[in-house]
Structure formats: structure tokens, C-alpha cells
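Participant: Pasting a structure below so you can have a look.
The values are calculated or read from the model by the stated rules, or taken from the named source; none is laboratory data. Small disclaimer: the values here were computed from a predicted structure and weren't measured. Here the Cβ positions follow ideal geometry from the backbone for every residue, glycine too, while neighbour counts run over all protein chains shown.
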Amino acid sequence: MAKKEKSKAAEKVAKAEKASRSNKPKASKGKAKENAFLRAGKSVSKFFKDFRGEIKKIVWPDRKTVIKSTGIVLLVVAVIGLIIFLIDTGLVEGIRLLKTAAENFNSEVTTAAEAVTEQVTAAVTEASASLGG
């Protein structure tokens, strides 16, 4: 099957090259220089002739190859999307855990500070009562 496609491609290339060779104008040495608009027109015309010749050389893939390639692309996109989703979810959960740990730490520090304040207040009250009384 591949050899058949290659031979078709080779035939197209040979046909396009033959067509481009036969369309080449013969250079005449005795002509005066043409004006800019005529040269530009000829350049544009030559461009499109060359363009058409190059387009004829293109070998388009068959339906089976296109469907297979499309399936592979869709599969790779889905797998990469899943990987990015999992990484994103993991990072979000990690940040949520850090936030919860920080809040718990902050509440523990506040509770400890309150306990120390109560002990100091009780000691000061006890000391002032023993001195004043």
C-alpha cells in the first residue's frame, strides 16, 4: 500500500515538474526593459503558476490515516488534560491542608496565650492580696 502511494506521489511530482518546464518563457536578448507594472504582473502570474505546481505535488492522506491520526491526537490531549487536572487538584488540597494547619496552630497559640494570661493574672491577684491583707 505504501509503495503504491509513493508511486502515485512520484507520478504527481514528475507531472508537475514537466508542466512547469513547458510553461517557462524563452528569454529574448533584444528586448528593452519593460515597465514596473508589466514586470509585477508577470511576477504575480509566475507566482500563481508555481503555486499551482506545488499544490499538485501534495499527497493528501487517505481517510483511514486521517481518522487514526485524529484519534491519537484526541487521546494525547485527554491524557495530558487528566494529568493537569490531577496536579491541580493535588495542589489545591495541599494548600487547603496548609491553611487548616495554620488556623489550628493559631488557635492553639491563642489558647496557650490566654492560659498564660490567666495564670499571671491569678498570681498577681494572689500576690496583691497577700501584700494588702
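Participant: Would you tally the residues in the range 117-133 being assigned to a helix (DSSP H, G or I) and exposed (fewer than 10 other Cβ atoms within 10 Å of the Cβ)? Quick ask: steps written out before the conclusion?
Facilitator: First, pick out the residues of the range 117-133 that are assigned to a helix (DSSP H, G or I): 117-132.
Of the ones still in play, those that are also exposed (fewer than 10 other Cβ atoms within 10 Å of the Cβ) are 129-132.
Here the count works out to 4.
Participant: Another question, then. Identify, by number, the condition in (1) modelled with pLDDT of 95 or more; (2) of a type in the set (A, V, I, L, M); (3) within 30 Å of A16 (Cβ to Cβ) that I58 doesn't meet.
Facilitator: Result: I58 fails condition (1) only.
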